[in-house]
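One structure below.
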Amino acid sequence: STQSRSSAASDVYKRQVYKDIFEQFVIDASFLWLLRSLAIEKPNYNKSDIISLERRIDAQLDGLMTSVEVSWVLCDEALSLQEPGEVFTAMILAMRSREPSRIKRVVEVGLSEPSCFKAMVSAMGWLPNTLVMPWITRFINGKEMAHKHFGLAISSIKRYDPAEALTNILNREECSVDEMLYARALRLVGELRRQDCMPALIKATEDSRDSIRFWSLWSAILLGQKSYVALLK
């Protein structure tokens, strides 16, 4: 249609004329997120400092949204760096654009490195629930264990209870073999105070893997099992 051709031409024009501006939005948003991820662990940053940083990040992300098509091209290129800041920025844009192919692209990169995974989870925590919630179920119910892990991590940061899906992961042998997935599921039990999952926690306390024993004991203590404190130590 004429309207579609006009929109495409407009995007090409913006890409040519305003490319440097949008590139700066990507660079600044990525850098500022990295700065924030460090700042929250530093004693010399207070709450107002963090809020100020988050507002600066939001300003860059809002700038990217003024032309999603142009911004996505630049975010897609930046993903080749496989850096956490760029993954965070690309995930925000992909989710806001509601394009499954873009989300898939970011997830593939985000799962490649632990630091990129953290950035991807942070992005999902940054976004409103209306955008994120439908994707939690989609990831948890996926066939890939890495996708299930991502879904549980989002549930954790959003304090969302996956209900029966969490129970199924705890009880399925193929899920318990995946150490990262199993540990995250055990951790989520404690965060959500899921008393019904106590049998799964008790079973996991006898696991041979340190991370599994740690998170099972950690969650059990949160659920009131104070006798496990000595074991956790």
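The values are calculated or read from the model by the stated rules, or taken from the named source; none is laboratory data. Owing to the predicted nature of the structure, the values given are computational and were not obtained by experimental measurement. Glycine gets a Cβ as well: all are built from the backbone with ideal geometry, and neighbour counts include every protein chain shown. Remember, those area values only see protein heavy atoms, side chains included, never the ligands or the DNA or RNA. Shrake-Rupley method; radii C 1.70, N 1.55, O 1.52, S 1.80 Å.
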Restricting attention to region 26-50, and to residues there that are in contact with a helix residue (DSSP H, G or I) (Cβ under 7 Å, 6 or more places away or on another chain) and aliphatic (A, V, I, L, M), which single residue is nearest to GLY85 (Cα to Cα)?
LEU34
Matching residues in region 139-166 - criterion: being open to solvent by less than 30 Å² (accessible area, probe 1.4 Å) and not aliphatic (A, V, I, L, M)
PHE139, GLY142, LYS148, HIS149, PHE150, GLY151, SER155, SER156, PRO162
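May I ask you to verify whether LEU192 is touching a residue at least 12 places away in the same chain (Cβ under 8 Å), within 19 Å of the chain's Cα centre (by Cα), under 26 Å from LYS104 (Cα atoms) and surrounded by 16 or more Cβ atoms within 10 Å (Cβ to Cβ)?
no
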Would you mention how many residues in region 100-138 are of a type outside the set (Phe, Trp, Tyr) and either under 20 Å from ALA183 (Cβ atoms) or open to solvent by less than 40 Å² (accessible area, probe 1.4 Å) (or both)?
24
Residues in region 167-189 that are part of a helix (DSSP H, G or I) and open to solvent by less than 50 Å² (accessible area, probe 1.4 Å): how many?
13
ASP20 fails exactly one of the following numbered conditions: (1) surrounded by fewer than 17 Cβ atoms within 10 Å (Cβ to Cβ); (2) of a type outside the set (A, V, I, L, M); (3) under 30 Å from GLU144 (Cβ atoms). What is the number of that condition?
(3)
VAL87: modelled with pLDDT of 95 or more, among the β-branched types (Val, Ile, Thr), under 17 Å from ILE154 (Cα atoms) and touching a His at 6+ places or on another chain (Cβ under 8 Å), yes or no?
no
Checking LEU34 against (1) under 16 Å from the mean Cα position of the chain (by Cα); (2) in a helix (DSSP H, G or I); (3) without any contact (Cβ under 8 Å) to a residue 60 or more places away in the chain; (4) within 20 Å of HIS147 (Cα to Cα): exactly one of these is not met. Which one?
(4)
Could you tell me whether any residue of region 122-137 is under 16 Å from TYR160 (Cβ atoms), in a loop (DSSP other than H, G, I, E, B) and under 13 Å from the mean Cα position of the chain (by Cα)?
yes
